[in-house]
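The values are calculated or read from the model by the stated rules, or taken from the named source; none is laboratory data. For clarity, every value in this text was computed on a predicted model and none was experimentally measured. Here the Cβ is made from the backbone with ideal geometry for all residues, glycine too, and neighbour counts use every protein chain on show.
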Amino acid sequence: MAWSGLRGRPQDLPWAPLELGQPVGLFTGRKLVALGEQPVRCSALLTQAGVRYAAMPPRRPAQAQCGYESAVRLERGGARQIALAPATVAVSCPVAAALAMWEWDVVAPAAQRHFGARVSRIDHLGSYACRRLYGRSSGGWSEHATANALDVAGFRLEDGRRISVLHDWHGEGARAAFLRDVRDGACRVFATVLSPDYNAAHRDHLHLDQAARGATGWRACR
Ligand SMILES: [Zn+2]
C-alpha cells in the first residue's frame, strides 16, 4: 500500500499515537501491548475515550511472578461503557484498552450484523490467577498471573438472548458466525487469542491476553 493511501488513516501509521476511539488499524495491536510499559499514558487513553474505570490497589503476593501494580476495574456509565459480568474483575490497563476497542469496533457491529441487537454484557471467567500455563507445576507463567488476560465465556444481548462459547461455537448458524467474527476481530487488538479451535482447554472460552513478546512482537491467533 502506498503511504499516500494512508493519509487520513492515522490508525494505520506505526508512529501515529494511539487513540482508543479510532478504528482498529494495522499497528493498533502493537501499540496496545506497548501500553504495558506506559501505565500513566494507558489510563489517560481510557479517560480520553470516555471509559469509566477505577484504579485497583497493587497486588503483590509472595510469589514474585504474580501480582500487578496498575490494574483497573471497568465501571458502569460513561460515554462508552464496556459491561463485563461479573463487573468486579480487575484487568491490566492494556487488556482494558483492548476490550474497549474490541467492544466498539468488533463486538457491537458483529452483534448488529448477526442479530440486529446490542450486546448488554460480556460474560467472563476471570482474569487474575497466580498460576503457570495450563495450571502446570513448572514452565512459563500465564498472563493471568499478572491480570494481563481475560477469559470470555459468552455474550448477552439486550433482548435477553445469550451466546455461549461452549454451546454455540460449533454450528452453522448466526451464533457460531458471530463467535468466529469476534474471535477474528480480537486478534487485531490482543497479542494472544485462543479459542475452541486451539484445544479442548479452550472449549468454553476465548482467552485474550496482551503478552509482550519483545521486538518480534509475534501474535497468536487460534
Ligand atoms: Zn485464559
Just checking, which of ARG180, ARG175 is over 19 Å from PRO61 (Cβ atoms) and touching a strand residue (DSSP E or B) at 6+ places or on another chain (Cβ under 6 Å)? ARG175
Enumerate the pairs (first residue in the range 203-217 and outside any strand (DSSP E or B); second residue anywhere and more than 13 Å from the ligand (Cβ to nearest atom) and of a type in the set (Lys, Arg)) with beta-carbon separation below 6 Å, excluding pairs fewer than 6 apart on the same chain, so at least 6 apart or on different chains. GLY217/ARG30
Selection count, the range 203-217, where residues are under 16 Å from SER142 (Cα atoms) and modelled with pLDDT of 95 or more: 7
Go through the range 150-187 and report how many residues are in contact with a Ser or Thr (Cβ under 6 Å, 6 or more places away or on another chain), closer than 16 Å to PRO86 by Cα and within 16 Å of the ligand (Cβ to nearest atom). 2
Which condition number does SER195 fail, the rest of (1) surrounded by fewer than 23 Cβ atoms within 10 Å (Cβ to Cβ); (2) polar (S, T, N, Q); (3) within 13 Å of the ligand (Cβ to nearest atom) being met? (1)
Number of positions in the range 29-51 that are crowded, with 19+ Cβ neighbours inside 10 Å and assigned to a helix (DSSP H, G or I): 10
Quick check on the range 82-105. Is at least one of its residues touching a residue at least 60 places away in the same chain (Cβ under 8 Å), surrounded by 14 or more Cβ atoms within 10 Å (Cβ to Cβ) and touching a Cys at 6+ places or on another chain (Cβ under 8 Å)? yes
Condition met for ALA129 (within 14 Å of the ligand (Cβ to nearest atom), in contact with a helix residue (DSSP H, G or I) (Cβ under 7 Å, 6 or more places away or on another chain) and either over 22 Å from CYS187 (Cβ atoms) or among the basic types (Lys, Arg) (or both)): yes
When every residue in the range 161-175 that is farther than 18 Å from HIS124 by Cα and not acidic (Asp, Glu) is compared, the one surrounded by the most Cβ atoms within 10 Å (Cβ to Cβ) is ALA174
